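Visitor: Once you've had a glance at the structure underneath, I'll fire off some questions.
Only the coordinates and a few stated rules stand behind these numbers; no lab work does. Quantities reported herein were computed from a predicted structural model and do not represent experimental measurements. When we count neighbours, we look across all protein chains shown, and the Cβ atoms used for this are built from the backbone with ideal geometry, even at glycine.
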Ligand code: SF4
């Protein structure tokens with residue numbers, strides 16, 4: 001391979017990687033800071049790229065090079081010497097999901113680009129339906145996880161959305177064109193017996209559904225209804241051993257075994273029937289489960305679930321869960337090790353963007369946002385497990401942001417011709433100080449960042 005003089009004509013160091021065997025221009029034009037040795041790309045063979053001999057290329061100390069060939073394209077990956085090449089993780093996200101296997105779930109980001117119709121309606125000041133609604137189905141639970149955010153939203157034993165109200169709401173969502181519902185947040189959804197019929201009905205209206213559950217009270221007789229109709233079921237599990245389960249979820253070790261049996265059975269039914277429903281585990285990371293990370297990563301692989309995701313614990317605006325985000329800086333190596341359990345059928349992924357918040361500058365690490373206004377709530381609405389509608393979970397129970405109640409109000413009417421719904425969203429976007437009034441890393445955070453950027457474009461946007 002040809003190498004330029006390590007020092008250029010200005011006395012500055014230069015390093016090039018021009019192979020010896022490529023065609024060069026004979027009259028290439030003016031000299032660059034290196035020279036005017038320019039590859040004649042038009043003379044490169046069209047059909048099949050030649051595999052480059054990486055041993056010929058310049059490497060930095062401690063680097064090794066590998067050739068990657070995909071379809072008819074070829075590239076070079078630079079790796080640390082001695083590091084095992086993890087094909088699925090060149091870095092956090094470097095390309096389209098179909099190429100970056102683990103990004104197929106896009107855990108650590110948003111999918112707003114796929115909903116340009118709603119974005120346009122928002123930009124035009126029109127009324128539009130949420131793309132997604134996260135909702136509790138109950139306001140109570142059968143476990144007592146140490147990190148439970150629902151506790152700061154006031155749990156109330158026995159309270160849940162009534163069956164009729166829930167089914168009517170789903171019909172409204174169908175009419176409105178809501179794309180998806182997550183039975184996520186507040187209490188445990190499986191404590192509401194209407195969960196199963198609601199899931200089936202939503203599918204009839206073309207609405208995608210999902211659920212986050214502790215999995216202990218699943219009605220396994222209705223497993224087919226869930227697996228056939230839900231896009232994903234996520235198990236809230238922050239332990240990989242019975243002892244860790246007892247500690248973090250404050251439940252019995254027998255319950256851990258029961259949960260594992262349920263998951264195993266669901267995986268079996270899913271595979272036997274070729275259901276598309278994704279089954280995953282989610283660990284809310286707190287110092288009390290740092291020692292459970294690897295055990296759970298291994299457990300997920302053994303169970304045959306599709307993913308194991310590890311996320312930060314979002315604390316409230318008053319930091320009632322007491323998370324010291326600096327603690328996350330100490331566990332990076334373990335988290336990286338956990339990700340190595342990934343294989344072609346099983347993704348282990350850490351939500352690095354949020355976990356690494358502690359490594360941000362002092363300004364940002366305690367929850368200061370990278371945007372000044374919240375525009376995300378009409379796109380991603382949240383409903384409490386008692387049926388009360390709010391713009392977002394952190395504002396549950398705050399009278400000022402109360403929109404309505406599914407037991408009395410029709411979401412369809414509220415959105416299409418009510419005033420209150422839009423007044424509350426306006427109040428959120430115009431009056432809430434996202435840096436002080438909001439929970440750290442709320443559900444709408446990624447969406448907000450995207451919308452803020454759209455509202456506050458850089459200079460010269462036409463020079464794309
Ligand atoms: S930024 Fe604040 S107001 Fe907006 S969704 Fe998050 S917590 Fe709610």
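Visitor: What do you get for the angle between helix 445-455 and the principal long axis of the chain? Use alpha-carbon atoms, 0 to 90 degrees, nearest ten.
Guide: Taking Cα atoms only, the helix is inclined about 70 degrees.
Visitor: Separate question: If the viscosity is 0.890 mPa s and the temperature 25 °C, what Stokes-Einstein diffusion coefficient in µm²/s follows for the chain when Rh is the Kirkwood radius over Cα pairs?
Guide: For these conditions, the coefficient is 98 µm²/s.
Visitor: If you don't mind, there's one more thing I want to ask. Segment 92-190: Rg/Rh from Cα coordinates, Kirkwood Rh?
Guide: Result for segment 92-190 is an Rg/Rh of 1.06.
Visitor: Can you give the angle from 0 to 90° between the axis of helix 420-431 and the longest principal axis of the chain, with both taken from C-alpha atoms, to the nearest 10?
Guide: 50 degrees
Visitor: Please list 215-227, 323-335 highest first by mean number of surrounding beta-carbon atoms within 10 Å per residue. Don't skip to the answer; put the middle values down first.
Guide: Values: 215-227: 17.2, 323-335: 15.5.
Packing proxy ranking, top to bottom: 215-227, 323-335.
Visitor: Over segment 133-231, with a single point scatterer placed on each C-alpha, what log10 of the ratio I(q)/I(0) does the Debye formula yield at q = 0.18 1/Å?
Guide: Each listed q maps to, in turn, -0.81.
Visitor: Using mean Cβ contacts within 10 Å as the protection proxy, how do 274-285, 6-17 order, highest first?
Guide: The most tightly packed comes first, giving 274-285, 6-17.
Visitor: Within 10 Å of each residue's Cβ, count the other Cβ atoms and sort 159, 416 from fewest upward.
Guide: 416, 159
Visitor: Note down, for segment 319-464, the three equivalent ellipsoid semi-axes (square root of 5 times each alpha carbon gyration tensor eigenvalue), biggest first, whole angstrom.
Guide: Details: eigenvalues 203, 87, 60 Å².
They are 32, 21, 17 Å, listed largest first.
Visitor: Quick one: if the Förster radius is 25 Å, what FRET efficiency do residue 462 and residue 111 give, using the C-beta to C-beta distance and rounding to 0.05?
Guide: Efficiency computed from Cβ-Cβ geometry: 0.45.
Visitor: Okay, moving on. At what distance in angstrom do the alpha carbon centres of segment 173-247 and segment 381-404 lie from each other?
Guide: The two parts, judged by their Cα centres, are 20 Å apart.
Visitor: Another question, if that's okay. Given a Förster distance of 30 Å, report the FRET efficiency between residue 455 and residue 320 from their Cβ-Cβ distance, rounded to the nearest 0.05. Let's see the in-between values first.
Guide: Values: r = 32 Å, r/R0 = 1.06.
With R0 = 30 Å, the Cβ-Cβ based efficiency is 0.40.
Visitor: Where does helix 293-303 land angle-wise versus the long Cα axis of the chain, in degrees 0 to 90, nearest 10?
Guide: So the helix axis and the longest Cα principal axis differ by about 80 degrees.
Visitor: Tell me, how many Å apart are the Cα centres for segment 281-316 and for segment 425-458?
Guide: Centre-to-centre (Cα) distance: 28 Å.
Visitor: So, one more: For residue 337 and residue 426, what is the calculated FRET efficiency with R₀ set at 60 Å and r taken between the beta-carbons, to the nearest 0.05? Could the numbers behind the result be given before it?
Guide: Details: r = 47 Å, r/R0 = 0.78.
Plugging the Cβ-Cβ distance into 1/(1 + (r/R0)^6) gives 0.80.
Visitor: If packing is taken as the average number of other Cβ atoms within 10 Å across a peptide's residues, how do 179-186, 142-149 rank, most packed first?
Guide: Packing proxy ranking, top to bottom: 179-186, 142-149.
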